[in-house]
1. Using the heavy atoms of the protein chains alone and a 1.4 angstrom probe, what is the accessible area of the stretch 119-158 per residue in square angstrom?
2. For the ranges 99-110, 61-72, what's the packing order if you count other beta-carbon atoms within 10 Å of each residue, average per peptide, and put the highest first?
3. Using the crude model of +1 on Lys and Arg Cβ and -1 on Asp and Glu Cβ, and no other charge, please compute the dipole size for the stretch 47-158 relative to its Cα centre, in debye to 20.
4. Where does the stretch 68-155 land on the Kirkwood hydrodynamic radius, alpha-carbon pairs, in angstrom?
5. Which percent of the accessible heavy-atom area of the chain goes to carbon and sulfur, probe 1.4 angstrom?
6. In square angstrom, rounded to the nearest 10, how much accessible surface does Lys114 have for a 1.4 Å probe?
7. What accessible area per residue comes out for the stretch 1-99, rounded to a whole number of Å², with a 1.4 Å probe?
8. Tell me, what is the percent relative contact order of the stretch 33-158, built from C-alpha pairs under 8 Å that lie six or more residues apart?
Amino acid sequence: MPGNNHSREDRRTAYVLVGIQAVLIVGLVIFPAGTDWTVSSTVSTAASTLTIIAAIIGLWAAAYLGRGLTPLPLPNGSTDLVTSGPYKIVRHPIYTAVFIWAIGSTLGSGNALKIVILVLLISLFLYKSRWEERQLAASFDGYDTYMERSGRFLPFVG
């Protein structure tokens with residue numbers, strides 16, 4: 001198992017990334033429904049279904065991480081590299097779950113501002129996942145090989 005010897009700069013960067021992520025997620029939650037598009041019952045059902053799918057994926061991924069689960073994008077030294085379960089399919093299934101939830105939340109909101117927040121959140125996760133992967137590659141032997149055989153957020157992609 002890797003140690004938890006992260007530099008002060010890496011910890012600061014990790015906290016900043018998580019802070020920005022929290023602000024964007026809170027924005028998706030607190031901004032009210034809008035009138036920028038009609039949210040039909042079909043759209044509402046699709047949004048709810050995406051939320052349920054996201055919760056299932058997120059809980060599945062968190063369960064597989066076990067003691068390695070941390071709010072920061074830094075290995076915490078509590079587990080070996082996890083490459084089974086959802087991590088066999090994609091490297092960042094929790095991020096995938098957040099994307100799915102955010103898309104559903106935006107779709108069901110009727111609020112164009114949430115589209116902006118969604119784009120910012122996806123952009124953040126693209127950056128954050130690359131930064132995190134550098135940390136993981138430095139901490140786990142074989143991470144580079146794992147990256148070659150698994151997608152970043154979607155199977156076989158990235």
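The values are calculated or read from the model by the stated rules, or taken from the named source; none is laboratory data. The structure displayed is predicted, hence computed values, not measured ones. No Cβ is skipped: glycine too gets one built from the backbone with ideal geometry, and neighbour counts run over all protein chains shown. Remember, those area values only see protein heavy atoms, side chains included, never the ligands or the DNA or RNA. Shrake-Rupley method; radii C 1.70, N 1.55, O 1.52, S 1.80 Å.
1. Using a 1.4 Å probe on heavy atoms only, each residue of the stretch 119-158 averages 59 Å².
2. Going from most to least packed, we get 99-110, 61-72.
3. Value, rounded to 20: 220 debye.
4. 14.1
5. Percent of accessible area from carbon and sulfur atoms in the chain: 64.
6. Only protein atoms counted, so the area is about 10 Å².
7. 58
8. That works out to 35 percent.
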